[in-house]
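S.K.: To start, I am sharing the structure in question, which I have written as structure tokens.
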Number of protein chains: 2
Amino acid sequence: MSDLPKKVRINEEGPREGFQIEKGPISTGQKIALIDSLSKTGLKQIQTVSFVPAKNVPGMADADEVVRGFTRAPGVAYTGLWLNEKGLQRAIATGKLDIKGTLLLCASENFLQRNQNRGFKENIEAQHRMVAVYQEHQIPVIRAGLAAAFGCNFEGDVPLARILEMLREMLDIGEQYGLKLEVISLADTMAWATPVSIKRVVGAVRDKYPDLPISLHLHDTRGMGIANAYAGLEMGVGIYDATVGGLGGCPFAAHRGAAGNVCTEDLVFMCHEMGIETGVDLEALMESALMAQEIVGHELPGTVMKGGSLAKLRQKIAAAAV
Amino acid sequence: MSDLPKKVRINEEGPREGFQIEKGPISTGQKIALIDSLSKTGLKQIQTVSFVPAKNVPGMADADEVVRGFTRAPGVAYTGLWLNEKGLQRAIATGKLDIKGTLLLCASENFLQRNQNRGFKENIEAQHRMVAVYQEHQIPVIRAGLAAAFGCNFEGDVPLARILEMLREMLDIGEQYGLKLEVISLADTMAWATPVSIKRVVGAVRDKYPDLPISLHLHDTRGMGIANAYAGLEMGVGIYDATVGGLGGCPFAAHRGAAGNVCTEDLVFMCHEMGIETGVDLEALMESALMAQEIVGHELPGTVMKGGSLAKLRQKIAAAAV
């Protein structure tokens, strides 16, 4: 158990993951209210919106307004998602986001075709073009992200060799342009991972690139989210994407049961109970989760917001014993 | 990863755990249909009902009829639950259950008082009386079970020393009466466990009693069920209670969000994907889970029945590639 990190950093992606897929309609004001609520929980990074065409993702049609509307809290990085230069330009135009660049490959060519209408080769070319754009705007490119790293609904299991090859591609681009990549992000976009495959892939990547921190983006479509996060913790992974209440799902996965990410408050609960710091106020986060549930108008998969924290129970028990 | 067992045995407790807490009304015929459906999945043990007073648990008022109604499948053990001699007599009277005795202590005296109106001392005395009854009926007593082993909503964290002391008590009773105890069952009745505490407790018990197999009964109220099962697997634990669809909850836990056990099909999915045999046909089990969901009339927490198995996706992908 000594490999568990002392601290983890959680990137909250609920507003972006959730509102891009919820049927809604969800008002701009509600989206802003959730972001403002999350800003008071101690989370250090919140992904607020994605800048994608409204015709593809109607829930993000008001992305620019959402960003205009929320109140920046000190010490919190507010991020956005974009898949091309046009999206990036919109993000820059808000003047209010913490903009960093990501190299983003996908381990499944089939998924890439469906999702972005590109093959492997075109996607690598697109990364080169994006780096040029980032550099033109003096935006640091700090992340190498790999989507579908654990499997794909359209292509099946992903060979480890392909994962390593794609990371190599990104690190080569990094070297070529003098980027200072700070983190490798492995995404289980379609929920194919189990604790064993998390350990296998993370272990292989860490062996190859021992100095580059790894982050995990885990979907919970097959109920493995928290167990996979635990496997990550056991491998020393200290950065996780998560969504409050378990909001989300991928609009392109064409999957009847596509569930959201691992749930932020459940992850925070697990970390705290295992002695791992997150810097997050769990009770405040549970309030945000209940707010998210009210906004979307249906039950969200998060459990701790329903079951209650143990910290609160311990307080109650201690008070009763006095 | 080498500690993972090659095989696990799953005791299905959905009919008992689920129907004792669901508001219903659920017809006797529906309960029987679910048991018969589960009988065809490859599960080797199904807990069908509990024999408890109907005024305490109205959903079990028809327990005797349910047992009369289902069809025994070869190779499946059908069990029931009872907390006293009267319940046991009802179980015996069905003439149709696989009846084995359990020594059952509870690590929280407060919970024991609320649940069974007994203190620690009276409960140990009650175990002695029950052993006499079992022996009178030539029923083997094979299990030592400890409820609330990981924490209690009314008493808080449970010290490891108390767990070991209670197991010692049960093993002493076992020696005194010449019982052949085959398994120690540790129950996280109120969902206080995390992977770290699972490892700590299982490790301590295994160190003390290396020859006694351990089984885990895990509730999912705070979303840790599957991660806790994974921690158990990592410790070599090869026996798990689980409920189809994640049915259940404890009628005495007085807990607004009391969730059911770890979900059987999610657990089977995880095991199969990690190369661990269960003997269960996952697709058939998912059908049972969907049936359970229809019977209770609301969404159940199980995820794989909604997200779909990967085995099926792999087949589809392979077929498309031909």
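The values are calculated or read from the model by the stated rules, or taken from the named source; none is laboratory data. Everything numeric in this text was worked out from a predicted model, so none of it was measured. Cβ coordinates were reconstructed from backbone atoms using ideal geometry, including for glycine residues, and neighbour counts include every protein chain displayed. Only protein heavy atoms, including side chains, enter the accessible area calculation; ligands, DNA and RNA are left aside. Shrake-Rupley method; radii C 1.70, N 1.55, O 1.52, S 1.80 Å.
S.K.: Of the residues that sit in segment A:293-302 and are open to solvent by 70 Å² or more (accessible area, probe 1.4 Å) and without any contact (Cβ under 8 Å) to a residue 24 or more places away in the chain, which one is nearest to the other protein chains (Cβ to nearest Cβ)?
M.R.: Within segment A:293-302, the subset open to solvent by 70 Å² or more (accessible area, probe 1.4 Å) is A:294, A:298-299, A:301.
Narrowing the set further to residues that are without any contact (Cβ under 8 Å) to a residue 24 or more places away in the chain leaves A:294, A:298-299.
Numbers: A:Glu294: 16, A:His298: 10, A:Glu299: 7 Å.
So, considering only residues that are open to solvent by 70 Å² or more (accessible area, probe 1.4 Å) and without any contact (Cβ under 8 Å) to a residue 24 or more places away in the chain, the one nearest to the other protein chains (Cβ to nearest Cβ) is A:Glu299.
S.K.: Residue under question is A:Ile226, and the condition is that it be open to solvent by 10 Å² or more (accessible area, probe 1.4 Å), within 20 Å of A:Val183 (Cβ to Cβ), modelled with pLDDT of 95 or more and not basic (Lys, Arg); does it hold? Walk me through how you get there before you give the answer.
M.R.: On the way: open to solvent by 10 Å² or more (accessible area, probe 1.4 Å): yes; within 20 Å of A:Val183 (Cβ to Cβ): no; modelled with pLDDT of 95 or more: yes; not basic (Lys, Arg): yes.
The answer is no for A:Ile226.
S.K.: Of everything in segment B:137-158, what is more than 14 Å from chain A (Cβ to nearest Cβ) and either farther than 17 Å from B:Phe111 by Cβ or assigned to a loop (DSSP other than H, G, I, E, B) (or both)? Give them in sequence order.
M.R.: Restricting attention to segment B:137-158, the residues satisfying the condition of being more than 14 Å from chain A (Cβ to nearest Cβ) are B:137-147, B:149.
Scanning segment B:137-158 gives B:His137, B:Gln138, B:Ile139, B:Pro140, B:Val141, B:Ile142, B:Arg143, B:Ala144, B:Ala149.
Each row is one residue, and each column tells you yes or no for (1) touching a strand residue (DSSP E or B) at 6+ places or on another chain (Cβ under 8 Å); (2) more than 15 Å from A:Glu294 (Cβ to Cβ).
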| residue | (1), (2) |
| --- | --- |
| A:Gly18 | yes, no |
| A:Pro25 | no, no |
| A:Gln30 | no, no |
| A:Val49 | yes, yes |
| A:Ala63 | yes, yes |
| A:Arg72 | yes, yes |
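S.K.: Any residue in segment B:218-227 that is closer than 26 Å to B:Gln293 by Cβ and more than 10 Å from chain A (Cβ to nearest Cβ)? Can you show your working first?
M.R.: Step one: filter segment B:218-227 for residues closer than 26 Å to B:Gln293 by Cβ, giving B:218-227.
Add one more test, that the residue is more than 10 Å from chain A (Cβ to nearest Cβ), and what stays is B:218.
For segment B:218-227, residues closer than 26 Å to B:Gln293 by Cβ and more than 10 Å from chain A (Cβ to nearest Cβ): present.
S.K.: Hey, another quick one. List pairs: first residue in segment B:76-87 and within 11 Å of B:Lys100 (Cβ to Cβ), second residue buried (at least 20 other Cβ atoms within 10 Å of the Cβ) and aromatic (Phe, Trp, Tyr) anywhere in the structure, Cβ distance under 7 angstrom, at least six positions apart or on different chains.
M.R.: Within 7 Å, the pairs are B:Gly80/B:Phe51.
S.K.: Follow-up. Out of segment A:303-322, which residues are more than 7 Å from chain B (Cβ to nearest Cβ) and either of a type in the set (Gly, Ala, Ser) or open to solvent by 10 Å² or more (accessible area, probe 1.4 Å) (or both)? Spell out the reasoning first.
M.R.: Filtering segment A:303-322 for residues more than 7 Å from chain B (Cβ to nearest Cβ) gives A:305, A:309, A:311-312, A:315-316, A:318-322.
Residues satisfying the conditions are A:Ser309, A:Ala311, A:Lys312, A:Gln315, A:Lys316, A:Ala318, A:Ala319, A:Ala320, A:Ala321, A:Val322.
S.K.: For segment B:284-292, check the following and say yes or no: at least one residue is surrounded by 17 or more Cβ atoms within 10 Å (Cβ to Cβ), modelled with pLDDT under 95, among the polar types (S, T, N, Q) and more than 24 Å from B:Asp3 (Cβ to Cβ).
M.R.: Scanning segment B:284-292, I find no residue that is surrounded by 17 or more Cβ atoms within 10 Å (Cβ to Cβ), modelled with pLDDT under 95, among the polar types (S, T, N, Q) and more than 24 Å from B:Asp3 (Cβ to Cβ), so the answer is no.
S.K.: Just a yes or no: is a residue in segment B:237-246 small (Gly, Ala, Ser), assigned to a loop (DSSP other than H, G, I, E, B), more than 12 Å from chain A (Cβ to nearest Cβ) and open to solvent by 10 Å² or more (accessible area, probe 1.4 Å)?
M.R.: As a first pass, look at segment B:237-246 and keep what is small (Gly, Ala, Ser): B:238, B:242, B:245-246.
Filter again for assigned to a loop (DSSP other than H, G, I, E, B), leaving B:238.
In the following step, the residues that additionally are more than 12 Å from chain A (Cβ to nearest Cβ) were identified as B:238.
Still in the list and also open to solvent by 10 Å² or more (accessible area, probe 1.4 Å): B:238.
Checked against the condition, which is being small (Gly, Ala, Ser), assigned to a loop (DSSP other than H, G, I, E, B), more than 12 Å from chain A (Cβ to nearest Cβ) and open to solvent by 10 Å² or more (accessible area, probe 1.4 Å), segment B:237-246 yields at least one hit.
S.K.: From the residues in segment A:90-114 that are farther than 22 Å from B:Ala321 by Cα and among the hydrophobic types (A, V, I, L, M, F, W, C), which one is most open to solvent (accessible area, probe 1.4 Å)? First the steps, then the outcome.
M.R.: Restricting attention to segment A:90-114, the residues satisfying the condition of being farther than 22 Å from B:Ala321 by Cα are A:90-105.
Narrowing further to those that are among the hydrophobic types (A, V, I, L, M, F, W, C): A:91-93, A:97, A:99, A:103-105.
Values: A:Ala91: 0, A:Ile92: 56, A:Ala93: 85, A:Leu97: 23, A:Ile99: 32, A:Leu103: 1, A:Leu104: 56, A:Leu105: 6 Å².
My answer is A:Ala93.
S.K.: From (1) within 28 Å of A:Lys55 (Cα to Cα); (2) open to solvent by less than 60 Å² (accessible area, probe 1.4 Å); (3) free of Cβ contacts under 8 Å to residues at least 12 places away in the same chain, pick out the condition that doesn't hold for A:Asn117.
M.R.: So the condition that A:Asn117 fails would be (2).
S.K.: Tell me, which helices (runs of 4 or more DSSP H) lie completely within segment A:1-113 with 2 or more residues that are modelled with pLDDT under 95? Please lay out each step first, then the result.
M.R.: Details: elements: A:14-19, A:28-38, A:63-69, A:85-94.
Correct list: A:14-19, A:85-94.
S.K.: Related question: Out of A:Ala231, A:Ala191, I need the residue that is closer than 29 Å to B:Asp157 by Cα and among the small types (Gly, Ala, Ser). Which one? Walk me through how you get there before you give the answer.
M.R.: Numbers: A:Ala191 fails: closer than 29 Å to B:Asp157 by Cα.
Exactly one residue qualifies, and that residue is A:Ala231.
S.K.: Go through segment B:211-232 and count every residue that is free of Cβ contacts under 8 Å to residues at least 12 places away in the same chain and part of a helix (DSSP H, G or I).
M.R.: Looking only at that region, the number is 0.
S.K.: Looking at segment A:247-272 only, could you name the residues that are at pLDDT below 95 and either facing another protein chain (nearest Cβ under 9 Å) or open to solvent by 10 Å² or more (accessible area, probe 1.4 Å) (or both)?
M.R.: Once the filter is applied, which keeps residues that are at pLDDT below 95 and either facing another protein chain (nearest Cβ under 9 Å) or open to solvent by 10 Å² or more (accessible area, probe 1.4 Å) (or both), segment A:247-272 yields A:Gly248, A:Cys250, A:Pro251, A:Phe252, A:Ala254, A:His255, A:Arg256, A:Gly257, A:Ala258, A:Ala259.
S.K.: Which members of segment A:168-210 meet the condition of being more than 14 Å from chain B (Cβ to nearest Cβ), without any contact (Cβ under 8 Å) to a residue 60 or more places away in the chain and assigned to a helix (DSSP H, G or I)?
M.R.: Result: A:Arg168, A:Leu171, A:Asp172, A:Glu175, A:Gln176, A:Tyr177, A:Val205, A:Arg206, A:Asp207, A:Lys208.
S.K.: I've got another one for you. Name, by its number, the condition in (1) small (Gly, Ala, Ser); (2) more than 24 Å from B:Ala77 (Cβ to Cβ); (3) in contact with a Leu (Cβ under 6 Å, 6 or more places away or on another chain) that does not hold for B:Ala231.
M.R.: (3)
S.K.: Here's a check for you: in segment B:10-55, which residue that is crowded, with 22+ Cβ neighbours inside 10 Å and among the basic types (Lys, Arg) is farthest from the chain's Cα centre (by Cα)?
M.R.: Per the stated criteria, the residue is B:Lys31.
S.K.: Would you mention how many residues in segment B:150-203 are among the small types (Gly, Ala, Ser) and buried (at least 23 other Cβ atoms within 10 Å of the Cβ)?
M.R.: At the first step, the residues of segment B:150-203 found to be among the small types (Gly, Ala, Ser) are B:151, B:156, B:161, B:174, B:178, B:185, B:187, B:191, B:193, B:197, B:203.
Okay, now just the ones that are also buried (at least 23 other Cβ atoms within 10 Å of the Cβ), so B:151, B:187, B:191, B:193.
Total meeting the criteria: 4.
S.K.: Sticking with this structure for a sec: Could you check segment B:59-89 and list, in sequence order, the residues that are open to solvent by 70 Å² or more (accessible area, probe 1.4 Å) and either closer than 29 Å to B:Lys40 by Cβ or of a type in the set (A, V, I, L, M) (or both)?
M.R.: Matches in segment B:59-89: B:Glu65, B:Arg68, B:Thr71, B:Arg72, B:Pro74.
S.K.: Give A:Lys23, A:Lys55 a once-over and let me know the one that is farther than 23 Å from A:Val183 by Cα and touching a helix residue (DSSP H, G or I) at 6+ places or on another chain (Cβ under 9 Å). So that I can check it myself, show each step before the final result.
M.R.: On the way: A:Lys55 fails: touching a helix residue (DSSP H, G or I) at 6+ places or on another chain (Cβ under 9 Å).
When all the criteria are applied, what remains is A:Lys23.
S.K.: Given A:Lys44, A:Lys55, which one is in contact (Cβ under 8 Å) with a residue 12 or more places away in the chain and not acidic (Asp, Glu)? Spell out the reasoning first.
M.R.: Numbers: A:Lys55 fails: in contact (Cβ under 8 Å) with a residue 12 or more places away in the chain.
Of A:Lys44, A:Lys55, the one residue that is in contact (Cβ under 8 Å) with a residue 12 or more places away in the chain and not acidic (Asp, Glu) is A:Lys44.
S.K.: In this structure, does B:Pro213 turn out to be under 16 Å from the mean Cα position of the chain (by Cα), at pLDDT 95 or above and more than 12 Å from chain A (Cβ to nearest Cβ)? Reasoning before the result, please.
M.R.: On the way: under 16 Å from the mean Cα position of the chain (by Cα): yes; at pLDDT 95 or above: yes; more than 12 Å from chain A (Cβ to nearest Cβ): yes.
So B:Pro213 passes the test.
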